[in-house]
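The values are calculated or read from the model by the stated rules, or taken from the named source; none is laboratory data. Small disclaimer: the values here were computed from a predicted structure and weren't measured. When we count neighbours, we look across all protein chains shown, and the Cβ atoms used for this are built from the backbone with ideal geometry, even at glycine.
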Amino acid sequence: MSGNTFGRSFCVTSFGESHGPAIGCVVDGCPPGLELSADDIQVDLDRRRPGTSKYVTQRKEPDQVEILSGVFEGKTTGTPIALLIRNTDQRSYDYEKIKQVFRPNHADYAYVQKYGIRDHRGGGRSSARETAVRVAAGAIARKYLKARLGIDIRGCLEQVGPITVECKDWTAVGQNPFFCPDPGCVEALEQLIDRLRSEGDSVGARLYVEARNVPPGLGEPVFDRLDADLAHALMSINAVKGVEIGDGMAVAQMRGTEHRDEMTPEGFVANHSGGVAGGISTGQTIYARYAIKPTSSITTPGRSIDETGAATQMRTTGRHDPCVGLRATPIAEAMVALVLMDHVLRHRAQNADVVPSTPKLQGEID
C-alpha cells in the first residue's frame, strides 16, 4: 500500500490498524535542538482521544504516546522520530457478524475492489483511529512553529446538523466536548447527539481552523500552492467531503470589488482569500472550513451486499461516533501544522537569503 507518507521536507509516515496491537508514525526532517517530550505531544492526543465524553465513541483508549527515537536528553537530534501508540481497548468481536457484508458509504467495498482483501476489524487501515498519529506528529510541528515563528493554530466547531454556531468565545472551545465556541449552544448539541443515539442515526458537521502569525512567503505558485496543500491535508482526514479556503464557495456570487483584499500602508483591508494569494502566504491569518459527512456506521438497517454480491440488510453494532466531527478539531489543527512546517523548511532551504525591498504588511486592519 502506498500513500502513507505526507510532506516533502517534514515527512510523516504512519502505520498500523484500528484493531492491531499499535498505531504509530515516523517523523523525518524535524530540525535538531527542539525541546520535546511525550508530554508535549500528549496534550493534543488527549483532546482527540475517544471515550472522553458520552457524546463520542465509548472505546476507551488512553492514547499514551511513546517516543522511540529521535530525542536525546530532552531535545530532537535531527534523526527520525518514531512515535508509538498502543491499542488497548479493541473489541474485534463486534465486527464478526459483518465481516462478509459491506457497510454502505464506508471504505469496505472500495477497499476490496482495490486490494482484494481487507481487515474488517473496525475498518483496519481506513479507520479514523489512524488520525491519532497525525495529531501526535502535528504536535511536534506545532511546537516548532510556535517556538521559532510564533505561529498559533486553533480550530472550532461551526455546525452540527441543523445547529449553527457563532464564534463568540475562543476560551470556551476547550471547556466542552464539542469544541464549541458558543457556550449557549452546548445544551442543544447535547440534546441532538442524545436523540441521534436513540434513533440509531448520525449527522454531519462543519468546522473551522485558522493559523495566525504566519509569515509571508510560504508556498509555491504552481503545483505546490499553499492553499492546495492545505486543501489536500484537510481532505485527507477521514469523512471530510468539502474544504473551503478563505471565502470558499461564496466567491461565486461576489464581485471583484468585494473580494479583493485591498492594501494600505497600515495593512490589508480584508482577508477574503484566507491568507493566501497566488499559492503563497501573505502574512494574513490563514483560515479554512471543512465539512464532515455523517458517520457511516449506524445501527439503523440499510441495504447492502455481501462478498458474493447478494443483497442483504446491513446494521452496524459496536462503539461509534454519532458525529465524527466532534473530535475532528485537533486533527485539522495537526494537518495545518504539518503543511506549514513542511513549507517553512522548504522556504528556508531555497529562500532564506531573500530580503524583499517591500515592507511586510501587518495583517488586517481592525
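For the reader, a short list of remarks on this structure follows.
- Unmet requirement for ALA82, which otherwise passes all of (1) part of a loop (DSSP other than H, G, I, E, B); (2) at pLDDT 95 or above: (1)
- Residue match in the stretch 152-164 (condition: without any contact (Cβ under 8 Å) to a residue 40 or more places away in the chain and either assigned to a loop (DSSP other than H, G, I, E, B) or touching a Phe, Trp or Tyr at 6+ places or on another chain (Cβ under 8 Å) (or both)): yes
- Flag not set for MET335, criterion: at pLDDT 95 or above and either loosely packed, with under 12 Cβ neighbours inside 10 Å or in contact with a Phe, Trp or Tyr (Cβ under 7 Å, 6 or more places away or on another chain) (or both).
- Among the residues making up the stretch 114-140, those that are assigned to a helix (DSSP H, G or I) and of a type outside the set (Gly, Ala, Ser) are LYS114, TYR115, ARG125, ARG129, GLU130, THR131, VAL133, ARG134, VAL135, ILE140.
- Restricting attention to the stretch 102-133, the residues that are basic (Lys, Arg) and touching a Phe, Trp or Tyr at 6+ places or on another chain (Cβ under 7 Å) total 2.
- Members of the stretch 3-25 that are farther than 18 Å from ALA233 by Cα, part of a strand (DSSP E or B) and touching a helix residue (DSSP H, G or I) at 6+ places or on another chain (Cβ under 8 Å): GLY16, ILE23, GLY24
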